[in-house]
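Peer 1: Here it is: the structure, laid out below.
The values are calculated or read from the model by the stated rules, or taken from the named source; none is laboratory data. As the structure is a computational prediction, the values presented were derived from the model and not from experiment. Cβ placement follows ideal geometry from the backbone for every residue including glycine, while neighbour counts extend to all protein chains displayed.
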């Protein structure tokens, strides 16, 4: 007698020891046994989404994702501070504004601005991936952007690490103008040569 672990395999593949005639049956598409593994980003995005949905469901009263707004998101971000690992010095601390403090203090640990900014980006994508409309995406609201900006600036001052915005490369209009006139000059010379060649052929 086949063991229970091999029973399903025998049913799916058929026993090779005693083949028996079977009536023809329509073939059904087989789902892959091992779905492709998610990337770290996709896996983290799904985990963040599940954590947020679990958080708002446990509110009193519970909040459905369709009723979620900036207030619930801001409360969630404040809730995450208890798991933070970034020391943020408060005003009055002797180490306020120092990049490498020389001692310890009792200032709280919080979530770093970069972590919160990346989290909101993943939740914004997850909201739309799970059927939310882009124009009603609460994670893309102005209130959330203002909050992240304030966290960025306050942490930069407290830790003595100024935020550096990426500078966009500016094009040199004089350089472009020079290239344009050089192109026009070459084009004019080419036309003159073609005109002379055409006249000499007659």
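Peer 1: Any idea which residue in the stretch 134-160 is farthest from residue 84 (Cα to Cα), counting only those that are at pLDDT 95 or above and not in a helix (DSSP H, G or I)?
Peer 2: 137
Peer 1: With the condition kept exactly as written, say whether any residue in the stretch 30-40 is surrounded by fewer than 11 Cβ atoms within 10 Å (Cβ to Cβ) and either modelled with pLDDT of 95 or more or touching a helix residue (DSSP H, G or I) at 6+ places or on another chain (Cβ under 6 Å) (or both). Talk me through it step by step, then tell me what you get.
Peer 2: Keep residues of the stretch 30-40 that are surrounded by fewer than 11 Cβ atoms within 10 Å (Cβ to Cβ), which gives 30-37, 39-40.
Pick out the ones that are also either modelled with pLDDT of 95 or more or touching a helix residue (DSSP H, G or I) at 6+ places or on another chain (Cβ under 6 Å) (or both) and you get none.
No, the stretch 30-40 has no match at all.
Peer 1: Are any residues in the stretch 96-131 farther than 19 Å from residue 41 by Cβ and crowded, with 18+ Cβ neighbours inside 10 Å, and if so, which ones? It would help to see each step written out before you state the result.
Peer 2: Going through the stretch 96-131, the residues farther than 19 Å from residue 41 by Cβ turn out to be 96-110, 113, 131.
Passing the criteria: 110, 113.
Peer 1: Determine which single condition residue 69 fails, assuming it passes every other condition in (1) at pLDDT 90 or above; (2) out of contact with any helix residue (DSSP H, G or I) (no Cβ under 7 Å at 6 or more places or on another chain); (3) under 28 Å from residue 155 (Cβ atoms).
Peer 2: Condition not satisfied by residue 69: (2).
Peer 1: Examine the stretch 82-92 for a residue that is surrounded by 11 or more Cβ atoms within 10 Å (Cβ to Cβ), assigned to a loop (DSSP other than H, G, I, E, B), within 29 Å of the chain's Cα centre (by Cα) and without any contact (Cβ under 8 Å) to a residue 12 or more places away in the chain, and state whether such a residue exists. Break it down into steps so the answer makes sense when it comes.
Peer 2: So the first thing to find is which residues in the stretch 82-92 are surrounded by 11 or more Cβ atoms within 10 Å (Cβ to Cβ), and the list is 84, 86-90.
So of that shortlist, the ones also assigned to a loop (DSSP other than H, G, I, E, B) come out as 84, 88-90.
Narrowing further to those that are within 29 Å of the chain's Cα centre (by Cα): 84, 88-89.
Okay, now just the ones that are also without any contact (Cβ under 8 Å) to a residue 12 or more places away in the chain, so none.
Checking the stretch 82-92: not a single residue is surrounded by 11 or more Cβ atoms within 10 Å (Cβ to Cβ), assigned to a loop (DSSP other than H, G, I, E, B), within 29 Å of the chain's Cα centre (by Cα) and without any contact (Cβ under 8 Å) to a residue 12 or more places away in the chain.
Peer 1: Only one residue in 126, 112 is in contact (Cβ under 8 Å) with a residue 40 or more places away in the chain and in contact with a strand residue (DSSP E or B) (Cβ under 8 Å, 6 or more places away or on another chain), so which one is that?
Peer 2: On the way: 126 fails: in contact with a strand residue (DSSP E or B) (Cβ under 8 Å, 6 or more places away or on another chain).
None of the other options fit; the residue is 112.
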